[in-house]
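To start, the structure itself, in structure tokens.
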Number of protein chains: 4
Amino acid sequence: MNISVDLNADMGESFGPWKMGDDAALLKIVTSANIACGFHAGDPDVMAATMGGAIAENVGIGAHPGFADLQDFGRRRMSLPKDRLQNMIRYQTGAAIGMARGLGGHVRHFKLHGALSNMCAEDADMARVCYQAALSVDPDIIIMVQATTAQEAVVRDLGCSWAGEIFADRAYNDNGTLVDRSQPGAVIHDPDLAGQRILEMVKQSAIITESGKHIPASIDTICLHGDTPTAVAIAGAVKAKLQADGIAVAQFTGRRQG
Amino acid sequence: MNISVDLNADMGESFGPWKMGDDAALLKIVTSANIACGFHAGDPDVMAATMGGAIAENVGIGAHPGFADLQDFGRRRMSLPKDRLQNMIRYQTGAAIGMARGLGGHVRHFKLHGALSNMCAEDADMARVCYQAALSVDPDIIIMVQATTAQEAVVRDLGCSWAGEIFADRAYNDNGTLVDRSQPGAVIHDPDLAGQRILEMVKQSAIITESGKHIPASIDTICLHGDTPTAVAIAGAVKAKLQADGIAVAQFTGRRQG
Amino acid sequence: MNISVDLNADMGESFGPWKMGDDAALLKIVTSANIACGFHAGDPDVMAATMGGAIAENVGIGAHPGFADLQDFGRRRMSLPKDRLQNMIRYQTGAAIGMARGLGGHVRHFKLHGALSNMCAEDADMARVCYQAALSVDPDIIIMVQATTAQEAVVRDLGCSWAGEIFADRAYNDNGTLVDRSQPGAVIHDPDLAGQRILEMVKQSAIITESGKHIPASIDTICLHGDTPTAVAIAGAVKAKLQADGIAVAQFTGRRQG
Amino acid sequence: MNISVDLNADMGESFGPWKMGDDAALLKIVTSANIACGFHAGDPDVMAATMGGAIAENVGIGAHPGFADLQDFGRRRMSLPKDRLQNMIRYQTGAAIGMARGLGGHVRHFKLHGALSNMCAEDADMARVCYQAALSVDPDIIIMVQATTAQEAVVRDLGCSWAGEIFADRAYNDNGTLVDRSQPGAVIHDPDLAGQRILEMVKQSAIITESGKHIPASIDTICLHGDTPTAVAIAGAVKAKLQADGIAVAQFTGRRQG
């Protein structure tokens, strides 16, 4: 048996003079970087610097669009008609592709950010609009989805290339959703615990919930957070744990699976 | 002899609820549309609507980037380091390409806006940075330049595909620059006069200055302004005059000429 | 009997190079101007020009804050926590007061814009937060409310100075709400009809609904829209009709009524 | 003899999710806080939090306006006509006054930020426009000026209340200007050195240049930077050194001196 898994993190979330996250350290650990496109975070200079770093470290570049809302970092839900969703996805995806190409790299995957992602995890129609918009710009782009959610249902239906994602530092409910951040234990801060937990999920091809329930899942990539104090420690621990168990850490190739 | 010339206009300069220009009318007249990319004017929805109109009317789509300055409409000069110029050009060009592709069209040309264009007409180094940035995103993009300026010198040196532009409604000085708007006669408001004048210039392949001097010029396209009360009337008059004299109005093909 | 009524309109809704409304013409008709504060429309230069015009025409200046959303003109609903609502109201109100004072004028009233106003017409808690925020900046500011809505209930409870408003060009439902714009007859485009209708309402001190029902209302001011093609014509017709019937058009003084 | 001096720092420079500076620590040390007004940094929520902290710590609140340029943090020079400078100063000053009043505090001083301040240190006409704009909003506001520059000349001429400022961590040239940051020794990182140096300047009422020259100066306040790693250490060292030598650290009262 030959198992590998991808590690991804959100990056390029600085803006002008304001720094966020330790992108340089994370780029040494992850295999895929989801790069903010200037609407909820990032600007052309931050994007260029982050993409340049990803290219240098051989990390896969992803377009990571969000709602146009710097002050809320794309974390406030917005209700937009379908054509406007489509337009803002195309704009951000195109901008990311242009930036990457200009630097000699290319955008290989696509991942929604923040409230936009959360809404699409619940609303298949909305996810479909967003994913079709991205695919209309590049039909070969690999869509990264929150495994087992409406996002996954949509990419299976679209027949596009996709990768399933789970979270390294978040506890899951029995219905496959994330435990709300307001609950105790919702966020895992202990690197060892996070590593052990992810290793189990990858080996079992299942999300393991707080209660111990196993939900079969297509796990192609593990989301590591970049903006917490323990982010780099957790990222390193997860990677080490996987590798110690013989699981390679490598970029996903994208599955086409209905 | 078989002569044709292109007619272009800046479009997509509305923003959110604010309208600017009569794009629908101009799209019936011009052969190329320079579409604002959201930094000095336009937004993803305006871009999509304008590009959709251009596709429907078979008008060539151009990326038309400017300084990030909505309040000044990209008309205030900004001093930016080269890498930042490069990044903002790549971002806007990529966004335009993504939007067009998503709509089933494509961006065939590139034209700088406002103060960014004026600075590059005087500063070859700056023009080179901007044009190389655009070409790094799409090496086949046709660069539209102000004929006889530093912009033209740069595209000749780069060996890329380009098209030379003159202005339908602006008087020229003997050194080939535009007469300052503060001077009487700087802007031509009479459609007949504009048409006659442009016909002469196209036939002579020369800019004809206020004093009557002829400056040989590569005239591939005529810039029609879209945001003045007489814009549509002048555009129509120029087109009619050219066609009446047997000069076809058609998209430029781009010259590669050192 | 000595009756007078105020006429108000939203103004200063241009932004940078983009014009909206015919403020110069409306300032000759209205007695109160609600001036956008730069979050949903306007900018410091537009505010200064509009306030300067209001001072010259002896028109009362109002702070007219909205959601921070230029692209949607403050017309998209946003869910914000109370402290953030409070902060954005104080900021915009303070900015308006500072601008007016710098020009030798002063802000005498306060009116919410767009989605922010509509949400507060339904949600008394939200209205209370907004009005208390404005009053914390200036306890003497007169709060303009949509008559008979939750907005009015709140100002009555707060004991502050207020003025009740009805709309010149909108039809009313029997419950006092506005007929949805999607319905036929929701917006009145005929200046004569608008004038006749408003005259009746002012004389009766009641909102007269589509079905003819009379809802008693505190009518201190009539809202005229500024951004429609017939805006100036309707404004003039309403004013003429009122004056022809002996009703003076004059600034409200603000009622303090629980 | 009874000497006291004020300590000031720029604060409220976070934006949305992005943090900058350790305002909480600095508020325990300084006596005046220059609070960004949302154009180059800050937003209404950051302003409210920072002003609330200043009120709690009995620190004087200052309006600290800058150019409208978040991405460059107000550090890029902009050329604006006088009326636009005036409008943006009035807007920001009014917003700050409104926020402070809403919180039960008040804005007692005014200080220009970044490139706007540097330009006004060289250009008396521009400084005059900015200061008159602030005074037109509040004639009692105390203008904080870079001592010995054109800024000081202007406030002396205006006859307004003002306070002279020197920098705790910057070396001075013999003509009273700051040593360019590109030069060795331009920025002082050693807290002890900074403290000793400032003590001497305050005692001598003079700027002491790199070469040892004494330039007589009205020193009412010492500017401590907030956004460097050693900011809090330097601030604490300067304060301790002054107090150890019997110089009280207290808010300036503002001098009116021609």
Inset, instruction - Label region D:159-258 by shape, choosing from rounded, prolate and oblate, from the square roots a ≥ b ≥ c of the eigenvalues of the Cα gyration tensor; if a/c is under 1.5 it is rounded, and otherwise prolate applies when a/b is larger than b/c, oblate when it is not. - result: oblate
Legend entry - Estimated distance in nm for a label pair at A:HIS214 and B:GLN257, the labels positioned 7 Å out from Cα along Cα-to-Cβ: 7.2 nm
Inset, instruction - Could you grab the relative contact order for chain C? Cα pairs under 8 Å, six or more apart, rounded to a whole percent. - result: 22 percent
Inset, instruction - Starting from the Cα gyration tensor of chain A, take the square roots of the eigenvalues, sort them a ≥ b ≥ c, and report rounded, prolate or oblate (rounded when a/c is under 1.5, otherwise prolate if a/b is larger than b/c, else oblate). - result: rounded
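Please give me, ordered by residue number, the chymotrypsin sites (Phe, Trp or Tyr not before Pro) of region C:155-258 that lie in loop per DSSP and have at most 13 other Cβ atoms within 10 Å. Before the final figure, lay out the partial values.
Details: sites: C:TRP162, C:PHE167, C:TYR172, C:PHE252; in loops: C:PHE252.
Sparse-neighbourhood loop chymotrypsin sites (Phe, Trp or Tyr not before Pro): none present.
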Inset, instruction - Return the inverse of the average 1/r over all pairs of distinct C-alpha atoms in the protein assembly as shown, which is the Kirkwood hydrodynamic radius, in Å to one decimal. - result: 31.5 Å
Inset, instruction - In whole Å, largest first, what are the principal axis extents of the Cα atoms in region B:210-253? - result: 30, 27, 21
Legend entry - Under Karplus coefficients 6.51, -1.76 and 1.60, residue-wise ³J(HN,Hα) of region D:50-66 in Hz, glycine/proline x: 6, 5, x, x, 5, 4, 5, 9, 6, 9, x, 9, x, 7, 10, x, x
Legend entry - Calculated label separations, B:LYS19, copies of the chain, 7 Å along the beta-carbon direction, nm: 1.3, 4.9, 4.9
Legend entry - Per the axis that maps chain A onto chain C, nearest residue of A (Cβ criterion) and its distance in Å: A:MET78, 4
Inset, instruction - Restricting to chain C, compute how many DSSP beta bridges are antiparallel as a %, nearest 5. - result: 20 percent
Inset, instruction - Rounded to whole Hz and in sequence order, give me ³J(HN,Hα) for region C:253-258 from the Karplus expression 6.51 cos²θ - 1.76 cosθ + 1.60, θ = phi - 60°, writing x for Gly and Pro. - result: 9, x, 9, 10, 8, x
Inset, instruction - Apply the Karplus parameterisation 6.51 cos²θ - 1.76 cosθ + 1.60, with θ equal to phi minus 60°, to every residue of region D:7-17 and state each ³J(HN,Hα) to the nearest whole Hz, in sequence, with x for glycine and proline. - result: 10, 10, 8, 6, 9, x, 9, 6, 8, x, x
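Read the figures in this text as sums done on the coordinates, not as results from a lab. Just so you know, these numbers come straight off a predicted model, no measurement behind them. All Cβ positions, glycine included, derive from the backbone under ideal geometry; neighbour counts span all protein chains shown.
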